[in-house]
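See structure below.
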Amino acid sequence: MEDGKLSLDLLMGLSIFLFTFIFVANFLPGVFADVRNEINLANQAYRISTLLVEDPGYSSGWYNITEDRCRTEEFRPGLAVYDLETGVKYNNLSVEKIQTFARLLNNTTCIERVRFYLGLNLSTLGGQVFRFNVSLKNLAGDLVTYNRSVLLNHGDKIPVTQVVRFERIVYLDKWADNCNVTIEGQNVAIADRCVAKLEVSVWI
Amino acid sequence: MDLKGQTFTLEGVAASLLILIATYTIFQSTVVMSPSWSEFNNIQLKQLGYDILRVIDNPEAVNSSLRGMIGNLSCGDGNYYAPAEFSQNLSALLNALPAYGRVELIWFNGSSIETAVLFNFSKNPTPNAVRVSRLVAASNDNCLPNAKIVEVRLTLWR
């Protein structure tokens with residue numbers, strides 16, 4: 001009488017299937033880890049670009065900080081122009097603030113302070129440390145120069161791996177050397193402004 | 001030899017193989033689209049759209065600003081023509097993104113809401129386009145009758 005008995009083959013078949021099923025169930029979240037990571041990076045890139053473009057920074061005179069004082073002073077870099085009458089001028093970046101920001105990013109100690117104050121170093125909270133790079137390009141894609149020196153192309157060296165970039169269209173409060181665009185052979189300023197593209201790249 | 005049992009083993013092995021092949025295929029495909037990731041591209045384009053409207057809304061510029069464009073708009077045969085400077089500037093900005101754009105002007109004419117589409121920016125958008133708008137205080141009695149506040153609506157797609 002064979003009825004009512006489990007055969008060894010059935011047990012083997014079931015166990016192979018269950019083993020594979022459990023393995024895949026454990027493995028699947030790892031497959032999407034890269035994508036989740038990118039979404040996390042995208043949030044950071046969006047956040048940093050907004051901070052830089054729509055915030056004048058803290059304190060109001062943060063751009064007077066020199067490299068030797070960046071460790072002792074608390075500040076939040078923001079590049080937007082602040083007007084006493086109209087308030088923050090969104091998308092209008094101050095050349096003076098950009099120059100200070102670039103100087104701080106060029107210094108090995110200060111870049112870590114900037115990273116910390118921008119919320120890109122979450123190691124104290126058990127989180128990740130993000131690498132970042134900020135550059136200012138004209139509409140043709142060349143780096144914007146002011147008095148013949150590159151205004152902003154600073155931060156960590158961009159790797160070849162996964163990098164998420166967020167772009168913003170901005171205009172400067174002073175005329176840079178190469179912010180005009182060439183239209184039909186003529187040098188034209190967009191809406192009579194020095195328009196440029198701010199690129200924020202973030203990676204791990 | 002029990003032949004019934006053999007079938008069960010084969011089914012188990014086949015099912016395992018199917019799951020493994022499916023997982024391997026997903027893992028090997030380079031583009032794993034998730035809704036939030038595709039939304040990020042829309043966020044980027046939408047933000048650039050808002051930036052464009054903000055940058056070209058310069059009250060001090062004449063023909064190249066939003067207010068100047070509305071004030072100096074010309075019309076005829078149902079078409080609306082923006083000043084050449086404005087069209088060139090907006091085209092330069094769109095080329096730099098790069099993206100295509102459609103510009104509509106929406107205003108309140110006494111009892112109805114009217115829409116005008118700029119001649120050079122009247123292409124039909126694709127389904128995944130994004131739309132941004134900015135309100136501008138400007139008037140043009142010839143082309144936009146009774147307009148006091150005009151909504152400049154920019155539709156962007158790639």
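Going through region B:44-64 one residue at a time, which ones are at the interface with another protein chain (Cβ under 8 Å from one of its Cβ atoms) and out of contact with any helix residue (DSSP H, G or I) (no Cβ under 7 Å at 6 or more places or on another chain)?
The answer is B:Q44, B:Q47, B:L48, B:D51, B:R54.
Hey, any hits in region A:110-132 for a residue that's among the basic types (K, R) and in a strand (DSSP E or B)?
Checked region A:110-132: at least one residue is among the basic types (K, R) and in a strand (DSSP E or B).
Is it true that some residue in region A:95-112 is free of Cβ contacts under 8 Å to residues at least 24 places away in the same chain, closer than 26 Å to A:Q162 by Cβ and surrounded by fewer than 18 Cβ atoms within 10 Å (Cβ to Cβ)?
yes
May I ask you to list the residues in region A:1-48 that are under 42 Å from the mean Cα position of the chain (by Cα) and at pLDDT below 70?
A:P29, A:G30, A:V31, A:F32, A:A33, A:D34, A:V35, A:R36, A:N37, A:E38, A:I39, listed by residue number.
With (1) away from chain B (no Cβ under 14 Å); (2) without any contact (Cβ under 8 Å) to a residue 12 or more places away in the chain as the list, and A:D192 as the residue in question, which single condition is left unmet?
(1)
Going residue by residue through region B:88-100, is there one that turns out to be touching a strand residue (DSSP E or B) at 6+ places or on another chain (Cβ under 6 Å), farther than 25 Å from A:Y171 by Cα and polar (S, T, N, Q)?
No, because not a single residue in region B:88-100 is touching a strand residue (DSSP E or B) at 6+ places or on another chain (Cβ under 6 Å), farther than 25 Å from A:Y171 by Cα and polar (S, T, N, Q).
Considering only residues that are surrounded by fewer than 21 Cβ atoms within 10 Å (Cβ to Cβ) and in contact with a Ser or Thr (Cβ under 9 Å, 6 or more places away or on another chain), which ones fall in region A:71-80?
A:R71, A:E73, A:E74, A:F75, A:R76
Considering only region A:70-86, I want to know if a residue exists there that is of a type in the set (D, E), modelled with pLDDT under 90 and in a helix (DSSP H, G or I).
no
Considering only residues that are surrounded by fewer than 20 Cβ atoms within 10 Å (Cβ to Cβ) and either outside any helix (DSSP H, G or I) or not aromatic (F, W, Y) (or both), which ones fall in region A:41-55?
If the condition is that a residue be surrounded by fewer than 20 Cβ atoms within 10 Å (Cβ to Cβ) and either outside any helix (DSSP H, G or I) or not aromatic (F, W, Y) (or both), then A:N43, A:R47, A:T50, A:L51, A:E54, A:D55 are the ones that fit.
Among (1) in a loop (DSSP other than H, G, I, E, B); (2) away from chain B (no Cβ under 13 Å), which single condition is A:C179 missing?
For A:C179, the failing item is (2).
Can you pull out every residue in region A:139-165 that is within 20 Å of B:L48 (Cβ to Cβ), among the hydrophobic types (A, V, I, L, M, F, W, C) and assigned to a loop (DSSP other than H, G, I, E, B)?
Within region A:139-165, A:L139, A:A140, A:V144, A:L152, A:V163 meet the criteria.
The values are calculated or read from the model by the stated rules, or taken from the named source; none is laboratory data. Fair warning: this is a prediction, and the values are worked out from it, not measured in the lab. Methodologically, a virtual Cβ is constructed for each residue, glycine included, from the backbone with ideal geometry; neighbour enumeration extends over all protein chains shown.
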